[in-house]
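Each reported figure results from applying straightforward, stated rules to the coordinates on display, with no laboratory input. As the structure is a computational prediction, the values presented were derived from the model and not from experiment. We place every Cβ from the backbone using ideal geometry, glycine too, and count neighbours over all the protein chains shown.
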Amino acid sequence: MSFILIVGAGRVGSAVARSMLAAGHEVSVVDEDPLSHERLDAGMPTTWEDAGGRFTIGKALERDALVEAGIEQADVFIASTNGDNTNLTIAQIARRMFEVPNVLVRVMDPARAEWYEAQGLQTICPTRYAISMFEERLARIGAPS
Amino acid sequence: MYAIIVGGGKVGLNLARELLSKGSEVTLIEQRRDRYTAIEAELEYVAQYGDGTELWVLERAGIQRADLLVAVTGDDEDNLLVCQIAREKYLVDRIIARVNNPRNKQYFDLLGIQPSVSATDLILRLIEHEVPQYGTVHLLDLPGEKLEIIEMEVVPGAAAAGKAVQDIAMPEGSLVISVLREDGGFVPKADTVIEPGDEVLVCLDPGLEDDVTPLFTG
């Protein structure tokens, strides 16, 4: 069982949080918007906390919020806010200031994702997936020439 | 010198004007269309439209040959990232970052983005929210140059209040470099009298702050 800290509970962050909690991990979520807590609860038989999850309201760069959410104990840190630069900043903070062993960061811009990946960050680029999926489907259709 | 400025708000625009007037080549990158249009009307080809944290935008601006990159957007993460990319990917010699929220200064330091500077408007917020007990505000550290600049409001009854600058017992290695009074600021002379309510900027060697501040803040 790992302790997973997720910063940014949008569609992606909250879905990953729920599946990781269901898989038996300890999961703590940070988001600046209290509404994102409802996204965690939605469709669940119990509240997020009753299911064993943790939630902290705070901005991604708020050191106190990260500490309160348990960053010092985290085995895995996931940066999944809606801002590339925010994600890249907090991912580096998690790695260098708090020495979290595993850091995953979502970066929408393929160019920045590629460069930071080369610098040693584990980046996940949904845009790159979308591009290759379009290309695959088009190849399968046999794009008319 | 070729300077790229990212962020065309008040700070970025005025910085561009200053650097241009000193004969530098400047590109100012702004991502808000309305702001870009206004800047382009004044500075023409100096203005470039785009998100300065995107690599292709920086490359279009010629970052490979830039001598200086200044990141002064209103977003600390943007400023931090632009500076990191400029220095580590494009090997720009000199970078300067604006810190909007002083609490984020620790992250600029952590990632080695220096110097980082809080702009004046945010220093006001800092004064309101985070004034240390002596009523002093740290404006700027220049660790490479071993200098600090601090700002203090002169308290009535303090040793310096009512005294000419030359008569204040300042420690060796400290100097009053400007006085903000009512509407304006000026550089004091030896016989300038410091008045209660003045805001003074003092330049000093690191470590002297505790000796200097009591003279002005009682």
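Quick one: if you take sqrt(5λ) for each eigenvalue of the C-alpha gyration tensor of segment A:22-145, what semi-axes come out, biggest first, whole angstrom? Numbers along the way, then the final one.
On the way: eigenvalues 185, 87, 31 Å².
Semi-axes, largest first: 30, 21, 12 Å.
Across all C-alpha atoms in segment B:1-114, the radius of gyration and Dmax reach 12.9, 39 Å.
Between residue A:99 and residue A:133, 0.36 nm times their residue separation minus their Cα-Cα distance comes to what?
Details: separation 34, 0.36 × 34 = 12.24 nm, distance 3.46 nm.
Extra length from residue A:99 to residue A:133 when fully extended: 8.8 nm.
Each Lys and Arg contributes +1 and each Asp and Glu -1, all at the Cβ; summed about the Cα centre of segment B:1-90, the dipole is approximately 200 debye.
Helix B:76-88 and the longest principal axis of the Cα set of chain B meet at an angle near 70°.
For segment B:156-167, backbone phi angles converted through the Karplus equation (6.51, -1.76, 1.60; θ = phi - 60°) give residue-by-residue couplings of x, x, 5, 4, 7, 5, x, 9, 6, 3, 5, 9 Hz, Gly and Pro being listed as x. Karplus-derived 3J(HN,Hα) values for segment A:126-135, using 6.51 cos²θ - 1.76 cosθ + 1.60 with θ = phi - 60°, are x, 4, 4, 4, 4, 4, 5, 5, 4, 5 Hz; glycine and proline are entered as x. Counting other Cβ atoms within 10 Å of each Cβ, which GluC sites (Glu not before Pro) in segment A:38-145 have at most 14 and sit in a DSSP loop? For GluC sites (Glu not before Pro) across segment A:38-145 that sit outside H, G, I, E and B with at most 14 neighbouring Cβ atoms in 10 Å, the list reads A:49, A:99.
Distances between placed amide hydrogens fall under 5 Å for residue B:198 paired with B:154, all partners being 5 or more residues away or on another chain. Annotation: amide H-H contacts under 5 Å for residue A:124 (H modelled 1.01 Å from N, sequence separation of 5 or more, or interchain): A:105, A:106, A:107.
Could you work out the local net charge near residue A:81, counting Lys and Arg as +1, Asp and Glu as -1, over the other residues with Cβ closer than 11 Å to its Cβ? In short, -3. Would you list, by chain and number, the lysines whose Cα falls below 16 Å from the Cα of residue B:163, excluding same-chain residues fewer than 8 positions away? In chain and number order, the partners are B:189.
Karplus-derived 3J(HN,Hα) values for segment B:23-30, using 6.51 cos²θ - 1.76 cosθ + 1.60 with θ = phi - 60°, are x, 7, 8, 9, 10, 10, 9, 9 Hz; glycine and proline are entered as x. Give me the angle, in degrees from 0 to 90, between the Cα long axis of helix B:33-43 and the longest principal axis of the Cα atoms of chain B, rounded to the nearest 10. With rounding to tens, the tilt is 80 degrees.
The ranking of B:203, B:83, A:125 from fewest to most other beta carbons within 10 Å of each one's beta carbon is B:203, A:125, B:83. Positive end of the charge dipole of the protein assembly as shown (Lys, Arg +1 and Asp, Glu -1 on Cβ, about the Cα centre): tell me which of B:165, A:74, B:149 has its Cα farthest that way. The listed residue farthest towards the positive side: A:74. Gain on full extension, evaluated as 0.36 nm per residue between residue B:37 and residue B:166 minus their Cα-Cα distance, stands at 41.4 nm. Kirkwood analysis of chain B, using all unique Cα-Cα pairs, places the hydrodynamic radius at 18.8 Å. Between B:82, B:70, B:27, the Cα set farthest toward the positive side of the dipole of chain B (charges on each charged residue's Cβ, about the Cα centre) is that of B:27. For segment B:143-218, the Cβ-based charge dipole about the Cα centre amounts to some 180 debye (Lys, Arg positive; Asp, Glu negative; other atoms uncharged). Near the amide H of residue B:48, within less than 5 Å, lie the amide hydrogens of B:28, B:29, B:30, all on another chain or at least 5 residues away, with H placed in the peptide plane. If you average the alpha carbon positions of segment A:81-130 and of segment B:165-203, how far apart do those two centres end up, in angstrom? Taking the Cα centre of each part, segment A:81-130 and segment B:165-203 sit 47 Å apart. Rounded to the nearest 10 degrees, the angle from helix B:10-21 to the longest Cα principal axis of chain B is 80 degrees. Each Lys and Arg adds +1 at its Cβ and each Asp and Glu adds -1 at its Cβ; summed about the Cα centre, the protein assembly as shown shows a dipole of about 1340 debye. Centroid-to-centroid, using Cα positions, segment A:59-80 and segment B:7-66 are 35 Å apart. Counting only DSSP beta bridges whose two residues both lie in chain B, roughly 55 percent are antiparallel.
Would you mind ranking B:28, B:204 by Cβ crowding within 10 Å, fewest neighbours first?
Numbers: B:28 29, B:204 21.
Lowest to highest Cβ neighbour count: B:204, B:28.
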